[in-house]
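The values are calculated or read from the model by the stated rules, or taken from the named source; none is laboratory data. Just so you know, these numbers come straight off a predicted model, no measurement behind them. Because the Cβ atoms are built from the backbone with ideal geometry, glycine has one as well, and the counts that use them run over all protein chains shown.
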Amino acid sequence: MATASIATAAMCLAPRRLLADDISPVIKIRKAAATAEIKVTKLRGNVSVLEGSGGNIAVLIGRDGKLLVDAGITATRKGITEALASLSADPIKHLIDSHWHFDHTDGNEWLHSEGAEITAHENTLRHLSVDTRVEGWNFTFPASPAGALPTKLFADELKLEVNGADLVLKYYLPAHTDSDISVHFTDVDIIHVADTFWNGVYPFIDYSTGGSIDGSIRAAEANVARVTDKTIIISGHGPVGNKAQLIAFREMLVTIREKVGALKKQGRSLKEVQAAKPTAGFDAEWGRWVIDGPTFTSLVYAGV
């Protein structure tokens, strides 16, 4: 996918492919991020998106200082700094973590050192505060330093007014993880749904920290219900999208979940289900990136 950086792409390779040499994808991502290019796209009003450092980063500029949704990977600090400077001279004052995963929070500490107050769901703090294992990445993340931890927390919904804009932060029930939130810039109708939407590619599901295929479907359904044909939708990975693409993502999840669930209910093993190719109708479009049909089948199989 043209908008995917090497660092972003490496993140979602499953153990069967990326971990064949026992090197965690986390290590490979951080190494690849050092040479990643940051792409800046102005969307609507004072909101822009930065692509290329882990998950997509939303930026709101204005008199109250820059607000970022997600922090990217620390190795791209120089590129992010230059991208932010190209938007305005406003200082960095606010950071919102969409969930706890490192490709969205790795830059927390340096952004906090620049002056950003960090806001997140309480489960993001819970995972960042302790050693956290993600089996799918064969990696245990050590507890984050104090400067990287969010200090403004919420449980269900939080409304903010920053730079003359109204923002609504809303918690999903466990979906991609158990810490996912959306950030809706209501004035300009732009919503950052992070890793509850992977635009045009099969998603990773983190069962180690509360994610599931059923939760991912619930989040996709909630997203579809919240947007209109005019809403700009910032995905966690892949290009900025629209409602039609979000609906296609939901339908892909639902269809594959039904097929894999039915096969597993018949008592078939994972290898037998993969051999039946339940993703065949979607692979040409959704399997072009780094999670292919058999790999996504394994993620769905684990949760049905």
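Annotations for the structure displayed:
- Taking first residues from segment 149-172 that are closer than 22 Å to Gly107 by Cβ and partners that are modelled with pLDDT under 95 and basic (Lys, Arg), no Cβ contact under 9 Å between residues at least 6 apart in sequence or on separate chains turns up.
- Residue match in segment 138-146 (condition: over 30 Å from Lys243 (Cβ atoms), in contact (Cβ under 8 Å) with a residue 12 or more places away in the chain and among the aromatic types (Phe, Trp, Tyr)): yes
- Segment 278-304, residues that are aromatic (Phe, Trp, Tyr) and within 10 Å of Gly261 (Cα to Cα): Tyr301
- Matching entry among Val130, Val162 (being modelled with pLDDT of 95 or more and farther than 20 Å from Ile57 by Cα): Val130
- Taking the numbered list (1) more than 19 Å from the chain's Cα centre (by Cα); (2) assigned to a loop (DSSP other than H, G, I, E, B) in turn, Thr177 passes all entries but (1).
- From Ile205, Ile191, Ile234, residue being of a type in the set (Val, Ile, Thr), outside any loop (DSSP other than H, G, I, E, B) and either closer than 20 Å to Phe296 by Cα or out of contact with any Gly (no Cβ under 9 Å at 6 or more places or on another chain) (or both): Ile191
- Of the candidates Ala75, Ala58, Ala89, Ala71, the single residue that is crowded, with 19+ Cβ neighbours inside 10 Å, part of a loop (DSSP other than H, G, I, E, B) and aliphatic (A, V, I, L, M) is Ala71.
- Scanning segment 237-266 for residues being more than 19 Å from Val193 (Cβ to Cβ), among the polar types (S, T, N, Q) and in a helix (DSSP H, G or I) gives a total of 1.
- Among the residues of this structure, Thr119 counts as one that is hydroxyl-bearing (Ser, Thr, Tyr) and either part of a loop (DSSP other than H, G, I, E, B) or closer than 22 Å to Asp180 by Cα (or both).
- Residue, surrounded by the most Cβ atoms within 10 Å (Cβ to Cβ), within segment 251-292, restricted to residues that are small (Gly, Ala, Ser) and free of Cβ contacts under 8 Å to residues at least 24 places away in the same chain: Ala276
- Test set (1) touching a Ser or Thr at 6+ places or on another chain (Cβ under 9 Å); (2) in a helix (DSSP H, G or I) - Pro278 fails condition number: (2)
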